[in-house]
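Notes follow once the structure below has been shown.
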Amino acid sequence: TKGLVSTLADQGNKQWGCYGTYIINATDTAIGSGLSNTNAIINYCSETDIAAKICYDLNLNGYDDWYLPSKDELNLMYNNLHLNGLGNFTTGTPGNINGWYWSSTDGEDNGDAAWVQSFKDGQNGSQATYDIGIKDFYNNVRAIRSF
């Protein structure tokens, strides 16, 4: 059996990191690409207290192969977990940035923004880069792993 599993809680509220640097090897959106995106971020970004590094360093329940989900993996979590009342995702409040989650998918070739997804009520899982996905903004982080 192959699949994805999410942690049951957020790993915090962190920056994506590497503001101003476009990580071309972290641009894949597809399901199955979060690990390679995360590895690219770790290899090309020297910052340490960032979303990808927090997931990469996570050791939870005997597993140490966690990573930051790609844009499409994050959307899968929204549709299959959040919309079914599972996962204990942060939904934030109106006018509050909380409720947005980082993906591992870099989003703008000027290096300023990466893809995020809203888990806020009433936003229907909106995905964005600019305005919310600016790399030095603080958004929620949720690690996943494949099995």
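The values are calculated or read from the model by the stated rules, or taken from the named source; none is laboratory data. What you are looking at is a predicted structure, and each value in this text was computed from that prediction instead of being measured. Because the Cβ atoms are built from the backbone with ideal geometry, glycine has one as well, and the counts that use them run over all protein chains shown. Accessible surface areas use protein heavy atoms only, side chains included; no ligands, DNA or RNA. Shrake-Rupley method; radii C 1.70, N 1.55, O 1.52, S 1.80 Å.
May I ask you to evaluate 6.51 cos²θ - 1.76 cosθ + 1.60, the Karplus curve with θ = phi - 60°, for each residue of the stretch 124-141 and list the ³J(HN,Hα) values in order in whole Hz, giving x for glycine and proline?
Residue by residue, the stretch 124-141 yields 6, x, 3, 10, 7, 10, 5, 6, 10, x, 4, 4, 9, 7, 9, 10, 5, 10 Hz.
Charges at C-beta only: +1 for Lys and Arg, -1 for Asp and Glu. How large is the resulting dipole of the stretch 23-94 about its Cα centre, in Debye rounded to 20?
Details: 2 positive and 8 negative charges, 36 e Å.
Here the size comes out at about 180 debye.
For Y130 and L86, compute 0.36 nm times the residue count separating them, minus their Cα-Cα distance, and round to one decimal in nm.
Values: separation 44, 0.36 × 44 = 15.84 nm, distance 2.78 nm.
Gain on stretching Y130 to L86: 13.1 nm.
Given the alpha-carbon gyration tensor of the stretch 1-50, what are the semi-axes of its equivalent ellipsoid in whole angstrom, ordered largest first, with each equal to the square root of 5 times an eigenvalue? Before the final figure, lay out each step's value.
On the way: eigenvalues 90, 53, 14 Å².
Ellipsoid half-lengths, sorted descending, are 21, 16, 8 Å.
Tell me, what is the per residue accessible area of the chain in Å², probe radius 1.4 Å? Intermediate values should be presented prior to the final figure.
Values: 6990 Å² over 147 residues.
Per residue, the chain has an accessible area of 48 Å².
What are the residues whose amide H is under 5 Å from the amide H of T105, where those residues sit 5 or more places off or on another chain and H is modelled from the backbone?
K71, W115
What is the percent carbon and sulfur in the accessible area of the chain, measuring with a 1.4 Å probe over the protein chains and ignoring ligands? Spell out each step's value before the answer.
Numbers: 3300 of 6990 Å².
Carbon and sulfur atoms account for 47 percent of the accessible area of the chain.
Compute, for T21, the solvent-accessible surface of its heavy atoms (probe 1.4 Å) with the complete set of protein chains present, and express it in square angstrom to the nearest 10.
60 Å²
May I ask you to derive the relative contact order of the stretch 23-114, considering only C-alpha pairs under 8 Å and at least 6 residues apart, and to give it as an integer percent? Intermediate results must be reported in sequence, preceding the final value.
Working: 127 pairs, mean separation 30.1, N = 92.
This gives 33 percent for the stretch 23-114.
May I ask you to rank E47, E108 by accessible area, largest first, using a 1.4 Å probe over the protein chains only? Mind dumping the intermediate values first?
Values: E47 75, E108 45 Å².
Largest accessible area first, the residues go E47, E108.
So what J values fall out for the stretch 43-53 if you push phi through Karplus, 6.51 cos²θ - 1.76 cosθ + 1.60 with θ = phi - 60°, rounded to Hz, Gly and Pro as x?
After applying 6.51 cos²θ - 1.76 cosθ + 1.60, I find 6, 10, 10, 7, 5, 10, 8, 10, 3, 4, 5 Hz.
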